[in-house]
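Student: Got a structure for you, written out below as structure tokens; questions coming shortly.
The values are calculated or read from the model by the stated rules, or taken from the named source; none is laboratory data. The structure presented is a predicted model; accordingly, all values stated were derived computationally and were not measured. Every residue, glycine as well, gets a Cβ built from its backbone with ideal geometry; the counts of neighbours run over all protein chains shown.
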Amino acid sequence: MKPVLYFLIIISIIIPSLVFGDGVTAIRVYFDTPDIRQACYDLNLRPLTEDIGIYGDFIASDKDIDFLESIQARYEILPEHLLPVITEIAIDSIYHTYEETVFELFAYASYYPTIARVESIGVSQQEQRTIYAFKVSDNVQVDEDEPVVYFDGTHHACEVMGLEICMALIDTLLENYGLDSNITYLVDSTEIWIVPLVNPDGHSAVIDSISLFWRKNGRDLNGNDTLYEYECNDWWTCYTEGVDLNRNYDWYWEYGGSPNPWSYYYRGESPGSEAENQGLTSLLERIKPLLSLSYHSYGEVIYCPWLLMGNYAPDHAALYNIAQELASSIMRENGHETYGVSFAQGRSGMASNWQYGHLGSFCYLPETVKYPDFIIPPDRYFNVIRENLNGCFYLLERAHGTQLTGIVSSPETGQPVQAEIRILEVYSDILDPRISNNTYGRYRWLLLPGTYTLQVLSEDFIDVTFSDINVRDNGITVFDVDLYTYVVGDANGDRELNGNDVTFLIIYFKGFGSPPEPLLAGDANGNCRLTGSDVSYLVAYFKGGPPPIYGDCW
Ligand SMILES: [Zn+2]
């Protein structure tokens, strides 16, 4: 029998009319100078876009526009349909409450115990609601040697479609497993992790109608035990309590968001100060996604890492290629264009920056739902979900597409090795080191087809570099790496191969010197024995013969 998923609470919420007033226009102002940007905020214009780009969209009156013209600000009038919806919309009970979300996750896990598992990753900062991660994969209790793809929703409370898309993805994967061959393949061959509701406190404030535009978490900033205080509650840029969870990550934290606690994008007291972020980062450091999506609203655009002080990301070519393919798999609500691609500001404690910069995960931020809406009626709801599931499946398939991957191990110990992996053509020390997996020694690096140089570094082993690795199109290129504690042929242990090694071996064989350390360092011909033929082999090598070879001696 299938589990019956009850809606525990039937909700019906009316979106209030927005009080933007008559005679207003949506405008895009280009921040050609810092003064122009400042003027927009000094005028107290209602922002339509986050302050992360080279322009800002605002609601402005004729008087505001006159002023902007007087200071020679460059601006354009946006189409009228970009003004926020003013009609009243009843929220359908299709939207999940926190309680329904938790109930469904546990119901799924108990009905599909072999491919689904639910796990607590911590509690929310203010009201201690448990935050859940959900895993879908075969052998679901085991961390298998498979690419990890991660999805999360609703860092920002009113951006409710992230939660809804994540729940629909879980449902689609589980319901079709064993029936749809592609979904079965993806579940069997991928470690799929989903955190549907990152910000349960803020989301409850939205669903409980405290504010339909609540954005941040529930932190009681002034400590007066009155939660969810606000100066206005009819737009997401209103001054409110709480911390912006998507500015709280430990990645150039001090450059992103706002230090002003009541600002809509207050970054918190310190990097990773919020319990929600701590729960997520400890999960992500454990599972290290290859690819990831962190859902937001609105705008129908995919934010790609990154523009950091004017520079694209080290992996820009592959990152941008995947962003474009992802975006083109998702149709906008107008039915004839697909999502756009834009670049996130790299110096900011956003989830996508932290995941890419710290973990090397290709993390994208889809802004779902058409500009400038958050909560949408059922017909649009199902359309947005259907289109975004196309994006989810594109990403799951891409995890098995063009990449370089392999296992780093030590033949001497027979164990996998955690080593730093560099692909020199796309390497930069701006990013934290990428380390092969501690259980399997696995590394994976998404690339475009081409020729690459792989470097593997470890404190316990000799570093190695392999050039001219040909990464092929449309599939996985496998390149396993063996690490040794010695250089074969380097009999005297100075990490260089030259005539001194020949001399060292001759002295040893004459009985006057010590043996190579380890002995196999002298086994130049790789036959697992140290004899005079190794001396001949080395001499031949210096005269142009084949290089020393590691024997298969363990
Ligand atoms: Zn957002």
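Student: Residues that are at pLDDT below 95, in contact with a strand residue (DSSP E or B) (Cβ under 8 Å, 6 or more places away or on another chain) and under 30 Å from Leu395 (Cβ atoms): list the strands (runs of 3 or more DSSP E) wholly contained in the stretch 427-530 that include at least 1 such residues.
Tutor: Values: elements: 442-446, 450-457, 464-471, 476-478.
Output list is empty.
Student: I'm checking my understanding of the structure. Among residues of the stretch 471-519 that are of a type in the set (A, V, I, L, M) and over 29 Å from Asp145 (Cβ atoms), which one is surrounded by the most Cβ atoms within 10 Å (Cβ to Cβ)? Even if it seems obvious, please write down each step before you answer.
Tutor: Just the residues of the stretch 471-519 that are of a type in the set (A, V, I, L, M), to begin with: 471, 476, 478, 481, 483, 487-488, 491, 497, 502, 505-507, 519.
From the residues that got through so far, the ones that are over 29 Å from Asp145 (Cβ atoms) too are 487, 491, 497, 502, 505-507, 519.
Values: Val487: 18, Ala491: 32, Leu497: 19, Val502: 21, Leu505: 25, Ile506: 14, Ile507: 14, Leu519: 14.
Among them, the one singled out is Ala491.
Student: Follow-up question, since we're still on this one. Could you identify the single residue in Tyr75, Tyr30, Tyr98, Tyr41 that is crowded, with 17+ Cβ neighbours inside 10 Å, at pLDDT 70 or above and out of contact with any His (no Cβ under 8 Å at 6 or more places or on another chain)? Steps first, please.
Tutor: Values: Tyr30 fails: crowded, with 17+ Cβ neighbours inside 10 Å; Tyr98 fails: out of contact with any His (no Cβ under 8 Å at 6 or more places or on another chain); Tyr41 fails: crowded, with 17+ Cβ neighbours inside 10 Å.
Criteria check complete, one pass: Tyr75.
Student: Which residues, taken from the stretch 153-171, are within 14 Å of the ligand (Cβ to nearest atom) and of a type in the set (A, V, I, L, M)? Explain how you work it out, then say what you get.
Tutor: Start the filter on the stretch 153-171 by keeping residues that are within 14 Å of the ligand (Cβ to nearest atom), which leaves 153-163, 165.
Result: Ala157, Val160, Met161, Leu163, Ile165.
Student: When both residues are 6+ apart or on different chains and their Cβ atoms are under 6 Å apart, which pairs have a first residue that lies in the stretch 100-125 and is farther than 20 Å from Glu191 by Cβ and in the same structural domain as Leu173 (by TED's automatic domain parsing), and a second that is of a type in the set (S, T, N, Q) and surrounded by fewer than 19 Cβ atoms within 10 Å (Cβ to Cβ)?
Tutor: Correct list of pairs: Val123/Thr130.
Student: Filter the stretch 172-203 for residues that are within 16 Å of the ligand (Cβ to nearest atom) and in a helix (DSSP H, G or I); which is nearest to Glu241 (Cα to Cα)? Give the derivation first.
Tutor: Keep residues of the stretch 172-203 that are within 16 Å of the ligand (Cβ to nearest atom), which gives 195-203.
Adding the requirement that they be in a helix (DSSP H, G or I) leaves 200-203.
On the way: Pro200: 15, Asp201: 12, Gly202: 10, His203: 14 Å.
Going through the qualifying residues, I end up with Gly202.
Student: Can you say whether Ile462 is over 19 Å from the mean Cα position of the chain (by Cα), without any contact (Cβ under 8 Å) to a residue 40 or more places away in the chain and within 24 Å of Cys363 (Cα to Cα), as far as the supplied structure shows? Let's see the steps before the verdict.
Tutor: Details: over 19 Å from the mean Cα position of the chain (by Cα): yes; without any contact (Cβ under 8 Å) to a residue 40 or more places away in the chain: yes; within 24 Å of Cys363 (Cα to Cα): no.
In short, no.
Student: Would you tally the residues in the stretch 230-262 being surrounded by 15 or more Cβ atoms within 10 Å (Cβ to Cβ) and either within 16 Å of the ligand (Cβ to nearest atom) or of a type outside the set (Ser, Thr, Tyr) (or both)?
Tutor: 23
Student: Which condition number in (1) surrounded by 23 or more Cβ atoms within 10 Å (Cβ to Cβ); (2) in a helix (DSSP H, G or I) is the one that Cys304 fails?
Tutor: (2)
Student: Here's another thing I want to ask about it. Whether any residue in the stretch 242-249 is at pLDDT 95 or above and more than 20 Å from the chain's Cα centre (by Cα) is what I want to check. Outline the logic, then answer.
Tutor: As a first pass, look at the stretch 242-249 and keep what is at pLDDT 95 or above: 242-249.
If we keep only those that are more than 20 Å from the chain's Cα centre (by Cα) as well, we get 242-243.
Yes, the stretch 242-249 has at least one match.
Student: Scan Arg386, Arg422, Arg347 and give me the residue that is under 17 Å from the mean Cα position of the chain (by Cα) and at negative phi. Show your work before the answer.
Tutor: On the way: Arg386 fails: under 17 Å from the mean Cα position of the chain (by Cα); Arg422 fails: under 17 Å from the mean Cα position of the chain (by Cα).
Only one candidate qualifies: Arg347.
Student: Something else now. All but one of (1) assigned to a loop (DSSP other than H, G, I, E, B); (2) farther than 19 Å from Thr281 by Cα hold for Val206; state the number of the condition that does not hold.
Tutor: Unmet for Val206, out of (1) assigned to a loop (DSSP other than H, G, I, E, B); (2) farther than 19 Å from Thr281 by Cα: (1).
Student: Let me ask something additional. How do the pairs read when you match residues in the stretch 147-162 that are farther than 20 Å from Trp235 by Cα and without any contact (Cβ under 8 Å) to a residue 12 or more places away in the chain with residues anywhere that are more than 11 Å from the ligand (Cβ to nearest atom) and among the charged types (D, E, K, R), using Cβ under 7 Å and keeping only pairs 6 or more apart or on different chains?
Tutor: Listed pairs, sorted by first residue: none to list.
Student: For the stretch 338-358, which residues satisfy the criterion of being surrounded by 22 or more Cβ atoms within 10 Å (Cβ to Cβ) and either more than 26 Å from Asn438 (Cβ to Cβ) or touching a helix residue (DSSP H, G or I) at 6+ places or on another chain (Cβ under 7 Å) (or both)? First the steps, then the outcome.
Tutor: Just the residues of the stretch 338-358 that are surrounded by 22 or more Cβ atoms within 10 Å (Cβ to Cβ), to begin with: 339, 344, 346, 348-357.
Within the stretch 338-358, Tyr339, Ala344, Gly346, Ser348, Gly349, Met350, Ala351, Gln355 qualify.
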